[in-house]
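**Student:** Got a structure for you, questions after.
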Amino acid sequence: MQTRTLGRTGRAVSVMGLGTWQLGGDWGAVSDADALGVLAASVDAGVTFFDTADVYGDGRSERLIGHFLEHDAPGEEITVATKMGRRLDQVPENYVLSNFREWTDRSRRNLRTETLDLVQLHCPPSAVLRSDEVYDALDTLVAEGVIASYGVSVETCEQALAAIARPGVATVQIVFNAFRLKPLDAVIPAAREAGVGIIARVPLASGLLTGKYTTATVFAESDHRNFNRDGSHFDVGETFSGVDFEVGLQAATEFAELAPVGVTATQAALAWVAQIDGVSAVIPGARSVAQAQGNATAGVAEELSFEFNEGVQDIYDRLLRDAIHPRW
């Protein structure tokens, strides 16, 4: 497994990490045993970076990771990034030190640690990212040893650039995949220049890039790919990267044809993101041991060809550039 420096945290992490939103249950039910199996399989495959949030399953994802690290992987050098900010209404006045203390204390209990490795503001309003007081509060938590580093998870490139300009921001997490190329224009170059880590989320476009979905696919009632396609529950970019599902299916078929012989569409999609200069870690989710193992192999994939990259750009230009949801 390749390793990268996670921005200004200075930590070495596996380029292929593990996103754990699904362990909270928002992608359909996942048993405790299956969740712990995914964590174990990922570590066995060389993954040293987990990404979670305090609202994934109302803390279930964090608690499972805390249990796993204490009981099943003691001594393993695993970096855990969590997020905060969605436990209250997302208005600027809620992003204050007292709430930060409450949220991080809860995450520390869930993750069974005194100091959180990396805490990210969880897609806050743009006004929050422009507030000096917010960064002062985060700096206070670092000085007190509550958190080791902080970053932001953002919805737009403009928000990412605002965060990158702040000297204390260690990482920026953003939706980035073969169906969502806009971060290539300015965000990734700016982060690379500033030494800020880029964490690429939704790298498989909520599963579209696996090539396994069809118009007949039915998602569970509790799965956001069922109830959030229009962005009515949270940001639409988190669901299929804001791409219309039917258009995405056509693009996924063409993308799968680009994959080299012996490489699955999933592995090609993850390897493509991981091989972009400036990306620190990619965080695909997994609901089974087989998925976790398959995702991890993308961290050791051979360099994709120029023709592959040209094909990705062509699919985006023809099918996706004008099919992104208006909010994106």
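**Student:** Compute for the range 1-154: radius of gyration divided by Kirkwood radius, i.e. Rg/Rh, restricted to C-alpha atoms, rounded to two decimals.
**Tutor:** Result: Rg/Rh = 0.96.
**Student:** Only Cα pairs within less than 10 Å get springs; with that Gaussian network setup on the chain, which residue of P183, P284, P203 has the largest fluctuation?
**Tutor:** P183
**Student:** Which of A216, A191, A162 moves the most in a Gaussian network model of the chain with Cα springs under 10 Å?
**Tutor:** Ranking A216, A191, A162 by mean-square fluctuation puts A216 first.
**Student:** Considering the dipole of the chain built from charges on the beta carbon (Lys and Arg +1, Asp and Glu -1) around the Cα centre, which of A35, T113, A281 is farthest to its positive end?
**Tutor:** In the chain, that residue is T113.
**Student:** Then there is this: With 18 Å as the cut-off, how large is the P(r) tail for the range 245-328, expressed as percent of Cα-Cα pairs?
**Tutor:** I get 49 percent for the Cα pairs in the range 245-328 exceeding 18 Å.
**Student:** What part of the accessible area of the chain, given as a whole %, is carbon or sulfur when the probe is 1.4 angstrom?
**Tutor:** Reported share for carbon and sulfur atoms: 48 percent.
**Student:** Can you compute the charge dipole magnitude of the range 25-143 about its Cα centre, using +1 on each Lys and Arg Cβ and -1 on each Asp and Glu Cβ, nothing else charged? Give it in debye, rounded to the nearest 20.
**Tutor:** Dipole about the Cα centre, nearest 20: 240 debye.
**Student:** While we're here: Could you tell me the distance between the Cα centroids of the range 135-159 and the range 255-328, to the nearest Å?
**Tutor:** Using only Cα atoms, the two centres lie 29 Å from each other.
**Student:** OK, next. Under 18 Å from a label point 7 Å along Cα→Cβ of V91: give me every residue in the range 99-127 with its amide N that close.
**Tutor:** Taking a point 7 Å out along Cα→Cβ of V91, the residues of the range 99-127 whose backbone N falls under 18 Å are 99-100, 124-127.
**Student:** Around D314, with a cut-off of 13 angstrom between Cβ atoms, what is the net charge of the other residues, counting Lys and Arg +1 and Asp and Glu -1?
**Tutor:** Its environment carries a net charge of -3.
**Student:** While we're here: Taking DSSP loops as anything outside H, G, I, E and B, show the longest stretch in the chain free of GluC sites (Glu not before Pro) there with at most 12 other beta carbons within 10 Å.
**Tutor:** 222-301
**Student:** Add -39500 (n - 2.57) for each DSSP H run of 4 or more in the chain, then divide by its residues: what number comes out at 222 nm, to the nearest 500 deg cm²/dmol?
**Tutor:** That calculation yields -10000 deg cm²/dmol at 222 nm.
**Student:** Report, to one decimal in Å, the Kirkwood hydrodynamic radius for the chain based on all distinct Cα pairs.
**Tutor:** About 19.6 Å for the chain.
**Student:** Quick one: dipole size for the chain, taken about the Cα centre, charges +1 on Lys/Arg Cβ and -1 on Asp/Glu Cβ, in debye to the nearest 20.
**Tutor:** Using Cβ point charges on Lys, Arg, Asp and Glu, the chain gives about 240 debye.
**Student:** Next question. Compare the Cα positions of L319, Q291, A259 along the charge dipole of the chain (+1 at Cβ of Lys, Arg; -1 at Cβ of Asp, Glu; about the Cα centre) and return the one farthest towards the positive end.
**Tutor:** Positive-most Cα among the choices belongs to Q291.
The values are calculated or read from the model by the stated rules, or taken from the named source; none is laboratory data. Since the model is a prediction, treat every value here as computed from it, not as a measurement. Every residue, glycine among them, receives a Cβ derived from its backbone with ideal geometry; neighbour counts consider all protein chains shown. Only protein heavy atoms, including side chains, enter the accessible area calculation; ligands, DNA and RNA are left aside. Shrake-Rupley method; radii C 1.70, N 1.55, O 1.52, S 1.80 Å.
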